[in-house]
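Below: the structure, in structure tokens.
Please treat every number below as a calculation from the coordinates, not as lab data. Every value quoted in this text rests on a predicted model; they were computed, and no experiment measured them. Note: ideal-geometry Cβ built from the backbone for every residue, glycine included; neighbour counts use all protein chains shown.
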Amino acid sequence: MIDYEIDPALDYDAQLFRRGEYRWILIGGSINQDRGNKFEEEFHACVTSEQPFIPIMISSYGGHTDQLNRMVDLMETSTVPVVTIAKGMCMSAGVFLLSAGTPGYRWISSTCTVMVHDVSSIDYGKTEDMISNAKALKKYRDAIFQRFDKHTGKKRNYWAKKLKESGNVDLCLTARKAKQEGIADHIGIPRMKVQISLDVTIE
């Protein structure tokens, strides 16, 4: 029998990962198409391994929101708890990913840099096209933030209004404030412990 236990009060033990005793996912750097492809492969590998949770380590300055949605779709439909752990930096799409972990299984290190900001885009072309694209971007942005509202336990349009009140500048949060806002559940880095017991009989 293999029993997995997470203790949020203890330090994270990377030796277990290096020994390959269970699978995990690292989101580092930019969240882009390649990272989205790899995430899907790694996520399905975790599911088929039949381990009782899926650990996702996040140290990212953000990236493409379409790939963020792709990742969150998998996380929301997971049949096992998804553990999100933010270290170093957790910004933009990275923050949304952290909040999408299973409630009660979301950690953030006390020194992690957290930043929330509005959706941005680069566009060019005819005036009519740019006006149309701006309207589409607003709808897309509203959908992204409504998902963030849900994951953080806030009322509809909470985060959109909060950013508007701040002048739509980057909103920097401490780990403690991120926890208060419902982005994470615990401050610290958990240790993953694997306990193995064998029953031996003679016949």
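So here's what we get for this one:
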read-out: By average C-beta atoms within 10 angstrom, highest first, the peptides 32-41, 108-117; value: 108-117, 32-41
read-out: Links that overshoot a 27 Å alpha carbon limit, given the list Lys38/Lys162; Lys150/Lys177; Lys38/Lys161; Lys87/Lys150; Lys38/Lys154; value: Lys38/Lys162; Lys38/Lys161; Lys38/Lys154
read-out: Interchain or long-range residues, amide H under 5 Å from Ile58's placed H; value: Ile27, Ile85, Ala86, Lys87
read-out: Placed amide H near Val82: partners under 5 Å, 5+ positions off or other chain; value: Ile54, Thr102
read-out: Built amide H within the under 5 Å cut-off of Gly63, gap 5+; value: Ile31, Ala93, Gly94
read-out: Note, ³J(HN,Hα) from phi for region 69-84, Karplus 6.51, -1.76, 1.60, rounded to Hz, x at Gly and Pro; value: 4, 4, 5, 5, 4, 5, 5, 5, 9, 5, 8, 10, x, 9, 9, 10
read-out: Integer Hz, Karplus 6.51/-1.76/1.60 couplings in order for region 25-31, x for Gly and Pro; value: 10, 10, 10, x, x, 8, 8
